[in-house]
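Inspection log for the structure reproduced underneath, given as structure tokens.
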Amino acid sequence: MAPLNQASAAPQSVSQAIPLYSNGMRIGLLGGSFNPPHLAHRAISLFAIKRLNLDRVWWLVTPGNPLKQQGALHDLDQRIEAARQMADDPRIDVSCLESVIGTRYTVDTITYLRRRAAGLRFVWIMGADNLAQFHRWQNWRRIASEVPIAVIDRPPQSFRALAAPAAQALARYRLPENQAGRLADQPAPAWVFLTGMKLSLSSTGLRNPDGSWRAK
């Protein structure tokens, strides 16, 4: 990976933090600390674009995940620039919107985006490991009622994820996988469980014990 730029990588205004778009576009939202960003983030995004018929995926680089310890979290500018280098595709945009508008919870970010960009069709993208703990997220039921959700299978998390409280509560809103391309057009709540992704990298596995990033 090329050296990180020394200038600030994080936009300072909402207009800079929200990627360019046109009304009617289908936008996948992939949130996370990206600490560090890795090939699985990119692979998941390209997989979602293909399977869900998306126009773009926005990586929402969070200032910090309330459900994770923050001690090993790298500087936001460093994570933003590393994410841009890792994305390396015109269909993937990197945003630090949450730091600009001062949100920490996904529900607030989604609510803001739906108001600010009402002409877009958003889909929230998460891994099966996140579905397994989705019931712990702040106002998770409201998230499910705001945007359709695409869950990317991450073996061996499949059974645990589909047996989790949130998956059970939302079971009647689950679309068959062969209808995944229609998800962005469905009124929420609606979700789909996508199989076929075999890459299993994680940010945790790419960090050294001292929190520094391993070379990729």
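Every read-out reported here was derived from the displayed coordinates using simple, explicitly stated rules and does not represent laboratory data. Being a predicted model, the structure only gives us computed values, none of them experimental. Ideal geometry is used to build each Cβ from the backbone, glycine not excepted, and the neighbour counts take in all protein chains shown.
At a glance:
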item	result
Unit Cα scatterers, Debye sum, segment 24-198: log10 I(q)/I(0) for q = 0.10, 0.20 Å⁻¹	-0.34, -1.58
Environment charge at residue 154 (Cβ cut-off 12 Å; Lys +1, Arg +1, Asp -1, Glu -1)	0
Residues whose placed amide H lies under 5 Å from that of residue 190, excluding near-sequence neighbours	149
Amide H contacts under 5 Å for residue 31, placed H, 5+ residues apart	60, 125
Tail beyond 15 Å, pair distance distribution of segment 91-150 (Cα, percent)	54 percent
Gain in span if fully extended, residue 117 to residue 135, counting 0.36 nm per residue against the direct Cα distance	3.8 nm
Taking segment 24-198 and dividing mean pair separation by its residue count, relative contact order in percent (alpha carbons under 8 Å, at least six apart)	24 percent
Extended-chain gain in nm, criterion 0.36 nm per residue less alpha-carbon gap, residue 145 and residue 177	9.5 nm
Summed side-chain charge close to residue 192 - residues other than residue 192 whose Cβ falls under 14 Å, Lys, Arg +1, Asp, Glu -1	+3
